[in-house]
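See below for the structure under consideration.
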Amino acid sequence: MELPMYKEAEYTKGWFGLALFSDVHLGATDIQEQRLKDDLKRSCDEGRRILFNGDMVEAILPTDRKRYTPSRARTNRDDVLNELTYYTVDTLAPYVDYIDLIGTGNHDDAPIKYNGYDIVGAVVTLLNTKRSKSLGNIHRAGYQGYARYSVGNMLPSGLKHKSAFTIYHHHGAGGASPVTKGMIDFNRIVYSHDADLYWLAHKHVGTQDPHIIRDRLTQQNRYEVRRSQAVFTPGYKNATNFSPKDGGYNYDYSDHFYSMQACGYAVVNLYQDYSTKLMKKDFEVISR
Ligand SMILES: [Fe+2]
């Protein structure tokens, strides 16, 4: 597992916001790219920190006998991994100062395994050269891991009234879940990992479980009830494939799935309690 992300952050008027993206599949010919750009811009305009949970790139290469067909080619270039690297950097550059984490999905993994080339690593390295130095680096995350924000008020003596918000992120695995829409995956990760928010991707669904309730006795013998939440972010693939109607036929691997694919991202709103100055226990996760 890659190292966890740890970042300090400030409230703005008692609020701190995140925007969770995944499965943007840059380079694919069947994504809603304008919607992605609109959603990224809105996230920046709202002052949210942006995180990506894998499948940054489509990266289905001509050597992939299972999935590649010529209709998947963006251009006629042969250096497809170079092209995809620079295309991804150019697409994300306008938002570079808002991005905190980029994780790795199965599409990003495949070129590492079969071609010895790490697109996410290259993209993060190049994006970090474009980023404001005071922000520190974008965190390159693995297939799964933890990310923690310590949120407080920045005083001359440093960040005070800090509260931690912990995310466990996993890109996801396995095929589509047309009936359960990922609820079994939630239960798998909730069983083994401890976090405020569990975040999955990969299945192109937008399922949420806002009420993961657990109780415990604290070290001080106090009875405590805690609520965690879980969310899938769907990504930006088209709901379904439309083949050209000129007599041709474009093969689409995702046509093999039963259900239509969801589209979009999720936001997280964290609030500061005005009296204690600490983070309110209840937070919002909203699918958009
Ligand atoms: Fe995936």
**the stretch 31-46, residues that are in contact with a helix residue (DSSP H, G or I) (Cβ under 8 Å, 6 or more places away or on another chain) and buried (at least 20 other Cβ atoms within 10 Å of the Cβ)** = L40, S43
**Asked** Taking the stretch 261-287, which residues are assigned to a loop (DSSP other than H, G, I, E, B) and exposed (fewer than 13 other Cβ atoms within 10 Å of the Cβ)?
**Response** Y274, S275, T276, D282
**Message:** One residue is enough: does the stretch 91-106 have a residue meeting the conditions touching a Phe, Trp or Tyr at 6+ places or on another chain (Cβ under 7 Å) and part of a helix (DSSP H, G or I)?
**Reply:** no
**Complete:** Of (1) hydroxyl-bearing (S, T, Y); (2) within 16 Å of the ligand (Cβ to nearest atom); (3) under 20 Å from G142 (Cα atoms), S192 fails just (2)
**Message:** When you check D23 against the structure, is it under 24 Å from K203 (Cα atoms), under 19 Å from the mean Cα position of the chain (by Cα) and not small (G, A, S), yes or no?
**Reply:** yes
**Prompt:** Which residue, of D100, D90, is modelled with pLDDT of 95 or more and touching a strand residue (DSSP E or B) at 6+ places or on another chain (Cβ under 9 Å)?
**Reply:** D100
**Asked** Under 9 Å by Cβ, and 6 or more places apart or on different chains, what pairs join a residue from the stretch 159-176 that is closer than 21 Å to L101 by Cα and away from the ligand (no atom under 16 Å from the Cβ) with one that is aromatic (F, W, Y) and not in a strand (DSSP E or B)?
**Response** F165/F283
**Fill in**
Taking the stretch 47-75 and keeping residues loosely packed, with under 14 Cβ neighbours inside 10 Å and in contact with a Gly (Cβ under 7 Å, 6 or more places away or on another chain) leaves G47
**Message:** Can you list the strands (runs of 3 or more DSSP E) lying wholly within the stretch 140-259 that have 2 or more residues being surrounded by fewer than 18 Cβ atoms within 10 Å (Cβ to Cβ)?
**Reply:** 144-155, 158-170, 208-217, 223-232
**Asked** Quick one: would you say G175 is at positive phi and of a type in the set (G, A, S)?
**Response** no
**Prompt:** Hey, any hits in the stretch 52-69 for a residue that's at pLDDT 95 or above, more than 15 Å from the ligand (Cβ to nearest atom) and not in a loop (DSSP other than H, G, I, E, B)?
**Reply:** no
**Prompt:** On the given criteria, is N137 part of a loop (DSSP other than H, G, I, E, B), at pLDDT 95 or above, under 19 Å from the mean Cα position of the chain (by Cα) and away from the ligand (no atom under 16 Å from the Cβ)?
**Reply:** yes
**When residues of the stretch 10-28 are limited to those that are over 12 Å from L270 (Cα atoms) and out of contact with any helix residue (DSSP H, G or I) (no Cβ under 6 Å at 6 or more places or on another chain), the one surrounded by the fewest Cβ atoms within 10 Å (Cβ to Cβ)** = A28
**Message:** Could you check the stretch 94-119 and list, in sequence order, the residues that are surrounded by 17 or more Cβ atoms within 10 Å (Cβ to Cβ), of a type in the set (A, V, I, L, M, F, W, C) and either more than 16 Å from the ligand (Cβ to nearest atom) or more than 13 Å from the chain's Cα centre (by Cα) (or both)?
**Reply:** V96, I99, L101, A110, I119
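Can you tell me which residues in the stretch 8-42 are in a strand (DSSP E or B) and hydroxyl-bearing (S, T, Y)?
In the first step, residues of the stretch 8-42 are kept if they are in a strand (DSSP E or B); the result is 8-10, 12, 15-21, 26, 31.
Selection gives T12 alone.
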**Asked** Hey, F257 hits all of (1) over 23 Å from the mean Cα position of the chain (by Cα); (2) over 27 Å from R42 (Cα atoms); (3) not polar (S, T, N, Q) but one; which does it fall short on?
**Response** (1)
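The values are calculated or read from the model by the stated rules, or taken from the named source; none is laboratory data. Keep in mind that what you see is a predicted model, and the values were worked out from it rather than measured. Don't worry about glycine lacking a Cβ; one is built from the backbone with ideal geometry, like all the others, and counts go over all protein chains shown.
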